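Shown next, in structure tokens, is the structure this report addresses.
The values are calculated or read from the model by the stated rules, or taken from the named source; none is laboratory data. This structure is a prediction, so every number in the text was calculated from the model and none was measured. Cβ coordinates were reconstructed from backbone atoms using ideal geometry, including for glycine residues, and neighbour counts include every protein chain displayed. With ligands, DNA and RNA removed, areas are computed over all heavy atoms of the protein, side chains included. Shrake-Rupley method; radii C 1.70, N 1.55, O 1.52, S 1.80 Å.
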Amino acid sequence: MAESSSPGAGATSEPTGTQGCQIIVDMLIEQGVEVMFGYLGGVVLPLFDKLYDAPIRFIIPRHEQGGCHMADAYARASGKVGVVVATSGPGATNLVTGLATAMMDSIPIVAFTGQVRTELIGNDAFQEADTTGITRPVTKHNVIVKDVNELAQTIREAFYIASSGRPGPVLIDIPVDVQIKRAVVPPPTKIKMPGYHIRTKGHSRQISMAAKAINESQRPVLYVGGGVILSGASEELRKLALKANVPVTTTLLGLGSYDQSRAESLDMLGMHGTAYANYAVQESDLMIAIGARFEDRVTGKIKDFASKAKVIHVDIDPASISKNVRADIPVVGDAKQILVELTEAVEHRDRTEWFEKIGEWKSKFPVTYDREANTIKPQYVIEELYRQTEGNATIVTGVGQHQMWAAQFYRYDRPRQFITSGGLGTMGFGLPAAIGAQIALPDQVVIDIDGDSSFNMTLTELSTAVMYDLPVKICLLNNGYMGMVRQWQELFYGKRYSQSSLKNPDFATVAKALGAVGIKVEKKKDVPKALGKMLAETRPCLVDFHIDREENVWPMVAAGKAIHEMDGLDIFESMA
Amino acid sequence: MKHIISALVQNKPGVLAHTAGMFAARAFNIDSLAVGRTDDPSLSRMTIVVIGDDRVVEQVRKQLAKIVSVVKVQDFVGQDVVARDLMLISIAAPPDKRPEILALIEMFNAKVVDTTPKSVMVEVCGPESKIEAFMDSCRPYGIKSVVRTGTVAMARQGGSQQNSNS
Ligand SMILES: Cc1ncc(C[n+]2csc(CCOP(=O)(O)OP(=O)(O)O)c2C)c(N)n1
Ligand SMILES: [Mg+2]
């Protein structure tokens, strides 16, 4: 009976209940899923047959990796769970990079993979892969469902696990025969799993200790990560910063959690952070870390990171606390609730001296570049983009120098405005992520600021944007190099640019061939007009900016250095 | 320092792989790992001996607790526990050495479970130090083969539970 994947196949022997493939669709609807991404294959045909009639919008990428990044960015842009489907074997393995990307940045995804028939598992059947084995380290949780009676509850639990606590991707592997068999679906109940408990409420004694430390601090800094965005706690963060009178710096993933146009914003810290953020951290007597995890790109040489400071660490994941830097006052729980309680408990303090010091650093070391150059400076393109979009666009990036420039030169004032692969640093994330974000935000301007090499990895998804008529915009900062790699080779390998330049296609022509609009810009004076055209365009549009090829990202903290030991500040001073 | 960590896990396929994979991925140094069913058929108990400083062991405990199918994790450090290891050891035992070996076995409260003309198989149970001491004492005669279960442990009744964490 399981020979055929036709939807009716299991019906004669098991006449009661709902088929597994229909249960999946019913559960998706029960979970409120409106859009999903994915790709077909033999062992997911029963599911796709049911999706044919389902009230769920379906987006087919050109590659499962693209589909997974789309689901990921859909989740990042909307705050909902992203859903992706793939077939067994190669379909499932193509998801791995996307799952790992979501895992590192704590993004909620539920991935469904088809699996070969239960009785063939372990036999090296056609398109068989040990999907749960392969994806275990890149998912928050995964499970193979071998009994159709467990399918519905497993899906409910998957959505709960993906979206609660510290979010993350969850994968459910479903053999084709389980999709065909029938079961009676129990009504939804409150989910209880013996091994899954989340502490959302912070310990009140810890919170009052934290408040006391803030009140006593002379030079505090709020160090904010993506956790604040995931928790939806930007407003609460703003209230705490203003009431307690504390400056705020964010990680790459934290950008947008705090309005960068405000005076107390120190912008981003870390390897390519601002000098004023890094100096403030190094001089601070109290670090208030919220939803951040002291990653090495942030801390530089860990021993010398904020060495004068006491550390308060608020995080929903107990395992993040004291992993890299020992917390003096750990508070486990949801950032939003804890920020509310902290704000109630803190008192306003005059910190004129501290803010004056920060003001000095800010005026002495602004992030800048050579505005007089005749070449197209990437920073100029982004500043001009910022001006023309009035700072309102949702920005998505690839990985490399352009990603850092997008972090430094566009300014973010709302959460979920900046979408980037921070933890894994996945080149090729940009375009599919822009598509996922655009689907979540149909009325907003979504722009992929991408690098030529990153874009090359997934540019096939331009066809997807065309097929679904999505007005995504690609602002390609084309230096003809794997620029970030070239920068490291310049600085640390004596300018030996081993294998770091590619022969690129003419991207504007490629865009046109795929049905999008393509514009090539080689002169500085053409930048504003090209951007204007791009922004006015309702079709997918790519602008290929031939930028200054050897521009570097400054400032920079070299590997192994403490974060106040920045290179490139002299360059800023000479231009100030 | 050595820590004995006890984890109650759901008796489901993949749990052992998940746990072992986490240890490998995070480069934790595992001395031994013993798994067995409990009185509740839906739960198994893993006893893990980890070597590391307090920070590493704290991470092990937290990362274990984070695995969805892990129900409860306890670090027995600082607690009054009974810890036992079981070893089967086969020792070369020619007739002229046999009396000596049997005396040794008796001294350690061990048990002969099989004999051949050339060797004896012995079962030893006890704290790890005893097992190690017995093995050392057997070395001069020639150890043919060793099998050990790895440590299992239980806190004594009334022992402090302050390190428990679910
Ligand atoms: C999938 C993947 N492979 C390799 C890398 C290593 N890497 C980081 S940045 C970079 C170069 C990126 O070049 P490009 O996209 O052109 O951006 P640019 O730095 O030039 O702005 C490489 C190869 C990566 N991050 N991701
Ligand atoms: Mg490049």
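Going through B:Arg45, B:Arg55 one at a time, which residue ends up being at the interface with chain A (Cβ under 8 Å from one of its Cβ atoms), out of contact with any helix residue (DSSP H, G or I) (no Cβ under 9 Å at 6 or more places or on another chain) and of a type outside the set (S, T, N, Q)?
Numbers: B:Arg45 fails: at the interface with chain A (Cβ under 8 Å from one of its Cβ atoms).
The match here is B:Arg55.
Which pairs turn up if I take residues in region A:375-387 that are of a type in the set (Phe, Trp, Tyr) and look for partners that are in a helix (DSSP H, G or I) with beta carbon separation below 9 Å, at least 6 apart in sequence or on another chain?
A:Tyr380/A:Phe409; A:Tyr380/A:Lys524; A:Tyr380/A:Val527; A:Tyr386/A:Phe409
State all residues of region B:109-156 that are touching a helix residue (DSSP H, G or I) at 6+ places or on another chain (Cβ under 9 Å) and among the aliphatic types (A, V, I, L, M); if no residue qualifies, say none.
B:Ala110, B:Val112, B:Val120, B:Val122, B:Val124, B:Ile143, B:Val146
Hey, can you tell me all the residues within region A:317-343 that are within 14 Å of chain B (Cβ to nearest Cβ) and either part of a helix (DSSP H, G or I) or touching a strand residue (DSSP E or B) at 6+ places or on another chain (Cβ under 9 Å) (or both)? Give the derivation first.
Taking region A:317-343 as the starting set, the residues that turn out to be within 14 Å of chain B (Cβ to nearest Cβ) are A:317-327, A:330, A:332.
Selection gives A:Asp317, A:Pro318, A:Ala319, A:Ser320, A:Ile321, A:Ser322, A:Val325, A:Arg326, A:Ala327, A:Pro330, A:Val332.
Can you pull out every residue in region A:502-511 that is under 15 Å from A:Gly398 (Cβ atoms) and either modelled with pLDDT of 95 or more or more than 10 Å from ligand 2 (Cβ to nearest atom) (or both)? Break it down stepwise before answering.
Residues of region A:502-511 that are under 15 Å from A:Gly398 (Cβ atoms), as a first pass: A:502, A:504, A:507.
The answer is A:Asn504, A:Phe507.
Hey, could you check region B:73-100 for residues that are of a type in the set (Gly, Ala, Ser) and not in a strand (DSSP E or B) and say which is surrounded by the most Cβ atoms within 10 Å (Cβ to Cβ)? Before you say what the answer is, go through the steps one by one.
Initial filter on region B:73-100 (of a type in the set (Gly, Ala, Ser)): B:78, B:83, B:90, B:92-93.
Pick out the ones that are also not in a strand (DSSP E or B) and you get B:78, B:93.
Working: B:Gly78: 11, B:Ala93: 26.
The selected residue is B:Ala93.
Out of region A:449-483, which residues are open to solvent by 30 Å² or more (accessible area, probe 1.4 Å) and near ligand 2 (Cβ under 8 Å from one of its atoms)?
Of everything in region A:449-483, just one residue is open to solvent by 30 Å² or more (accessible area, probe 1.4 Å) and near ligand 2 (Cβ under 8 Å from one of its atoms), namely A:Met482.
Which condition number does A:Glu551 fail, the rest of (1) at pLDDT below 95; (2) within 29 Å of A:Glu372 (Cβ to Cβ) being met?
Of (1) at pLDDT below 95; (2) within 29 Å of A:Glu372 (Cβ to Cβ), only one is false for A:Glu551: (1).
I'm checking my understanding of the structure. Among residues of region A:397-427 that are away from ligand 1 (no atom under 13 Å from the Cβ) and open to solvent by less than 10 Å² (accessible area, probe 1.4 Å), which one is nearest to A:Ile382 (Cα to Cα)?
A:Tyr410
Check whether at least one residue in region A:291-305 is touching a residue at least 40 places away in the same chain (Cβ under 8 Å), touching a Pro at 6+ places or on another chain (Cβ under 7 Å) and closer than 17 Å to A:Ser320 by Cβ, and report yes or no.
Checked against the condition, which is being touching a residue at least 40 places away in the same chain (Cβ under 8 Å), touching a Pro at 6+ places or on another chain (Cβ under 7 Å) and closer than 17 Å to A:Ser320 by Cβ, region A:291-305 yields no hits at all.
Any idea how many residues of region B:18-32 are open to solvent by 70 Å² or more (accessible area, probe 1.4 Å) and within 14 Å of another protein chain (Cβ to nearest Cβ)?
4
Quick grid of which residues meet (1) within 14 Å of chain B (Cβ to nearest Cβ); (2) open to solvent by less than 40 Å² (accessible area, probe 1.4 Å):
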| site | (1), (2) |
| --- | --- |
| A:Pro90 | no, no |
| A:Ala111 | no, yes |
| A:Phe126 | no, no |
| A:Ile134 | yes, no |
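Please indicate, with yes or no, whether at least one residue in region A:351-371 is within 21 Å of A:Pro471 (Cα to Cα) and either more than 20 Å from the chain's Cα centre (by Cα) or away from ligand 2 (no atom under 16 Å from the Cβ) (or both). Write out each step before concluding.
Taking region A:351-371 as the starting set, the residues that turn out to be within 21 Å of A:Pro471 (Cα to Cα) are none.
Scanning region A:351-371 turns up no residue that is within 21 Å of A:Pro471 (Cα to Cα) and either more than 20 Å from the chain's Cα centre (by Cα) or away from ligand 2 (no atom under 16 Å from the Cβ) (or both).
In region A:443-484, how many are within 15 Å of A:Asp506 (Cα to Cα), more than 6 Å from ligand 1 (Cβ to nearest atom), assigned to a helix (DSSP H, G or I) and not aliphatic (A, V, I, L, M)?
The total comes to 3.
Among all residue pairs at least 6 apart or on different chains, which show Cβ distances below 9 Å where the first residue, located in region A:394-405, is more than 14 Å from A:Gly422 (Cβ to Cβ) and the second is acidic (Asp, Glu)?
A:Gln401/A:Glu551; A:His402/A:Asp450; A:His402/A:Asp452; A:Trp405/A:Glu551
Residues of region A:566-576 being part of a loop (DSSP other than H, G, I, E, B) and surrounded by 15 or more Cβ atoms within 10 Å (Cβ to Cβ), which ones?
A:Gly568
If A:Ala183 satisfies every condition in (1) over 29 Å from the mean Cα position of the chain (by Cα); (2) surrounded by 24 or more Cβ atoms within 10 Å (Cβ to Cβ) but one, which is the exception?
Of the numbered conditions (1) over 29 Å from the mean Cα position of the chain (by Cα); (2) surrounded by 24 or more Cβ atoms within 10 Å (Cβ to Cβ), the odd one out for A:Ala183 is (2).
What do you reckon, is B:Val15 closer than 18 Å to A:Gly133 by Cβ, within 14 Å of chain A (Cβ to nearest Cβ), open to solvent by less than 60 Å² (accessible area, probe 1.4 Å) and modelled with pLDDT of 95 or more? Don't jump to the end; show me each part of the working.
Working: closer than 18 Å to A:Gly133 by Cβ: yes; within 14 Å of chain A (Cβ to nearest Cβ): yes; open to solvent by less than 60 Å² (accessible area, probe 1.4 Å): yes; modelled with pLDDT of 95 or more: no.
Criteria not met by B:Val15.
Take region A:541-559 and flag every residue that is aromatic (Phe, Trp, Tyr) and open to solvent by 10 Å² or more (accessible area, probe 1.4 Å). Explain how you work it out, then say what you get.
Pass one, region A:541-559, residues aromatic (Phe, Trp, Tyr): A:545, A:554.
Matches in region A:541-559: A:Trp554 only.
Would you confirm whether any residue within region A:233-244 is polar (S, T, N, Q) and either without any contact (Cβ under 8 Å) to a residue 60 or more places away in the chain or closer than 19 Å to A:Met404 by Cα (or both)? Let's see the steps before the verdict.
Within region A:233-244, the first condition is being polar (S, T, N, Q), and the residues that meet it are A:234.
This time we only want the ones that are either without any contact (Cβ under 8 Å) to a residue 60 or more places away in the chain or closer than 19 Å to A:Met404 by Cα (or both), so: none.
Looking through region A:233-244, none of the residues is polar (S, T, N, Q) and either without any contact (Cβ under 8 Å) to a residue 60 or more places away in the chain or closer than 19 Å to A:Met404 by Cα (or both).
Looking at A:Gln499, A:Gln487, which one is within 15 Å of ligand 2 (Cβ to nearest atom), free of Cβ contacts under 8 Å to residues at least 12 places away in the same chain and of a type outside the set (Val, Ile, Thr)? Even if it seems obvious, please write down each step before you answer.
Working: A:Gln487 fails: free of Cβ contacts under 8 Å to residues at least 12 places away in the same chain.
Answer to the check: A:Gln499.
Could you please give the count of residues in region A:175-186 that are touching a residue at least 40 places away in the same chain (Cβ under 8 Å) and either under 18 Å from B:Gly21 (Cβ atoms) or assigned to a loop (DSSP other than H, G, I, E, B) (or both)? Working first, answer last.
Residues of region A:175-186 touching a residue at least 40 places away in the same chain (Cβ under 8 Å): A:175-185.
Now narrow it down to the ones that are either under 18 Å from B:Gly21 (Cβ atoms) or assigned to a loop (DSSP other than H, G, I, E, B) (or both): A:181, A:184-185.
The number of residues fulfilling the criteria is 3.
Cβ contacts < 7 Å: first residue within 30 Å of A:Gln499 (Cα to Cα), restricted to region A:438-460; second residue modelled with pLDDT under 95 and open to solvent by 10 Å² or more (accessible area, probe 1.4 Å), any location; separation 6+ or different chain. Result?
A:Ser453/A:Leu502; A:Asn456/A:Leu502
Among the candidates B:Val35, B:Val50, single out the residue that is open to solvent by less than 50 Å² (accessible area, probe 1.4 Å), away from every other protein chain (no Cβ under 12 Å) and within 25 Å of B:Asp80 (Cα to Cα).
B:Val50
Give the residue that is farthest from the other protein chains (Cβ to nearest Cβ), with candidates limited to residues of region B:1-12 that are in a loop (DSSP other than H, G, I, E, B) and either among the charged types (D, E, K, R) or under 16 Å from B:Val49 (Cα atoms) (or both).
Here is the first cut: in region B:1-12, the residues in a loop (DSSP other than H, G, I, E, B) are B:1, B:11-12.
Going one step further and asking which of them are either among the charged types (D, E, K, R) or under 16 Å from B:Val49 (Cα atoms) (or both), we end up with B:1, B:12.
Details: B:Met1: 17, B:Lys12: 8 Å.
Applying the filter and picking the extreme gives B:Met1.
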